[in-house]
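This report concerns only the one structure given below.
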Amino acid sequence: MAIKNSYLKEVFEGLKKRNADEPEFLQAVEEVLESLEPVVEARPEIQANGIIERIVEPERVVMFRVSWVDDNGKVQVNRGYRVQFNSAIGPYKGGLRLHPSVNLSILKFLGFEQIFKNSLTTLPIGGGKGGSDFDPKGKSDNEVMRFCQSFMTELAKHIGPDTDVPAGDIGVGGREIGYLFGQYKRLQNEYTGVLTGKSITCGGSLARTEATGYGLCYFTNEMLKDAGKSFEGKTAVISGSGNVATYATQKATELGAKVVAISDSNGYIYDEAGIDYKIMKEIKEVKRDRIKTYVNYSKTAKYTEGCKGIWTIPCDIALPCATQNELDEESAKILVKNGVFAVAEGANMPSTPGAIAVFLKEGVLFGPAKAANAGGVATSALEMSQNSIRMAWTFEEVDEKLHDIMRSIYKQASEAAKRYGMEGNLVAGANIAGFEKVANAMIWQGISY
Ligand code: GLU
């Protein structure tokens, strides 16, 4: 599919010229603009207010040096970023990613997606993202701490509980959030909810750790229900083995599915007896080890080198929960040939445009990331609410709110698709529903930024 509407085309051509070296960002924007054609045609005020040219340009980007000293006493330098993309409906909100692949293109794609995802949560949060090319893999706790303290020394000048509230993403979990929070508190002399994903004793929310994986399964369940199906008795393949994949494995299993495969960037585990999420937790959270060690815990588990092979395993439901562009057109065709009937994205932009086209053409139920993985950031917003009222809700209360939010997201996406004549296309529906709320807020606030 290509952009046909002349206004959208002009904006996208201009963006391509200015950001020619940002392929992931352009990929994310192109998908959204394709979905917005009927909206722009039905609502001339979008063009009159320059909404599209404004929404594709971050409000602010900060880029900074992060220097720290490693365990051998050697000075190391990384690059830090915060992309403050859109604050029309609330303070910037989005995770921090620590991974060697991090660059401006990756963070702009993530920040852009975050605008629409956060809008879909029904909660008042704008879109942002940040991180660094620092690789936490193989670093000691002390090295991670020194990096996080140096990173926050600069970041603290740009964030705040009513300005910008970062959280975790790939490479940033409870340990990193703790070091970042401690440094922010020391610098600002303030105990606030400036980060989410905090430990429970320091203002964190129960169920935040589980929220993205649980939310993904709640969303998938709504999508399945609408098609007269369920998780019960189905085979699922879940890529990744981080926080999202772990709790998606737990929830999918609780909902009656058998998860037969998981992966990391080196390879995948196939276990016909079903994957145990507690073993994943032990390997990843306690041992901080690679997923190939899963074979030491299960006699039936088999490890295969190379992560892409996971998509050749026959399954009914596939949940890509690893990273961007991990599922390409070729893999999508294999999944379809092997009988997959539902795919929902736990990672951000894991399916390439070619893969999405295959799923939509073949009538596979497809839950796009912006909608399907919004449970994590939604629960972050619930953490912000609890911090503001200085109260803590029970696990059950938060989980129930999360469940309601995921139901509402499914409803918003499927109704928007129907309203614009694209019934069943949740990619278009999620983009449109997420966009309209932000666009309306931008129009209401005038053209000041
Ligand atoms: N990194 C997560 C995401 O992609 C969560 C962000 C947050 O909780 O702020 O949505």
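For the stretch 121-255, the spherically averaged projection of the C-alpha convex hull amounts to 10.1 nm². Checking the cross-link pairs K284/K361; K74/K284; K234/K370 against a 30 Å limit on the alpha carbon distance flags K284/K361 as lying beyond it. Ranking L98, N72, A48 by Cα position along the charge dipole of the stretch 8-111, where only Lys, Arg, Asp and Glu carry charges on their C-beta atoms, puts N72 farthest toward the positive end.
The DSSP beta bridges internal to the chain are antiparallel in roughly 55% of cases. Ranked by the mean number of other Cβ atoms within 10 Å of their residues, highest first, the peptides 256-264, 69-77 come out as 256-264, 69-77. Counting only aspartates and glutamates at least 8 places from K308 when in the same chain, those with an alpha carbon closer than 17 Å to its own are D264, D271, E326, D328, E329, E330, E345. Going by Cα centres, the stretch 185-264 and the stretch 374-400 are how many Å apart? Answer, in whole Å: 14.
With the simple model of a label 7 Å out from the Cα in the direction of the Cβ, K4 to R390 spans 5.8 nm.
Across the alpha-carbon set of the stretch 324-425, the Rg to Rh ratio works out to 1.08, Rh being the Kirkwood radius.
Taking a straight Cα-Cα cut-off under 15 Å and skipping sequence neighbours fewer than 8 places away in the same chain, the aspartates and glutamates within cross-link reach of K229 are D316.
Only Cα pairs under 8 Å and 6+ residues apart enter the sum, and on that basis the relative contact order of the chain stands at 15 percent.
Within the stretch 334-383, the proportion of Cα pairs with more than 15 Å between them is 49 percent. Over the stretch 1-101, the reciprocal of the mean inverse Cα-Cα separation, the Kirkwood hydrodynamic radius, stands at 16.3 Å. Scaled to the globular estimate 2.2 N^0.38 Å, the Cα spread of the chain, given as radius of gyration, is 0.93. For the residue pairs K225/K337; K258/K281; K333/K418; K129/K198; K225/K251, the alpha carbons lie more than 21 Å apart in K225/K337; K333/K418. Projecting the Cα positions of C217, L255, G306 onto the charge dipole of the stretch 208-314 (unit charges on Cβ atoms of Lys, Arg, Asp and Glu, taken about the Cα centre) puts G306 furthest along the positive direction. Calculate the tail of P(r) for the stretch 169-322: the fraction of all Cα-Cα distances greater than 22 Å, expressed in %. Counting pairs separated by more than 22 Å, the tail of P(r) holds 45 percent.
Using the average count of surrounding beta-carbon atoms within 10 Å as a protection proxy, the listed peptides 176-183, 227-234 rank, highest first, as 176-183, 227-234. Divide the volume of the convex hull around the Cα atoms of the stretch 273-333 by the residue count and you get 108 Å³ per residue. Ranking of F151, F366 by neighbouring Cβ atoms within 10 Å, starting from the fewest: F366, F151. Extension gain, T122 to V62: 0.36 nm times the residue separation minus the Cα-Cα distance gives 18.8 nm. Between beta-carbons, use under 10 Å as the cut-off and find the net charge around Y81, counting Lys and Arg +1, Asp and Glu -1. Charge balance near Y81 sits at +4.
Taking 16 Å as the straight-line reach from the Cα of K185, the aspartates and glutamates in range (excluding those fewer than 8 positions away in the same chain) are E154, D162, D164, E176.
For the listed peptides 104-113, 381-390, a ranking on the average number of other beta carbons within 10 Å per residue, highest first, reads 104-113, 381-390.
Taking the Kirkwood radius as Rh and the Cα radius of gyration as Rg, the stretch 61-144 has a ratio of Rg/Rh equal to 1.08.
Ordered by the count of other Cβ atoms within 10 Å of each Cβ, fewest first, Y184, Y81, Y268 give Y184, Y81, Y268.
Values quoted throughout were computed directly from the atomic coordinates according to the rules given, and no laboratory measurement underlies them. Worth saying up front: this structure is predicted, and the values here are computed from it rather than measured. Cβ coordinates were reconstructed from backbone atoms using ideal geometry, including for glycine residues, and neighbour counts include every protein chain displayed.
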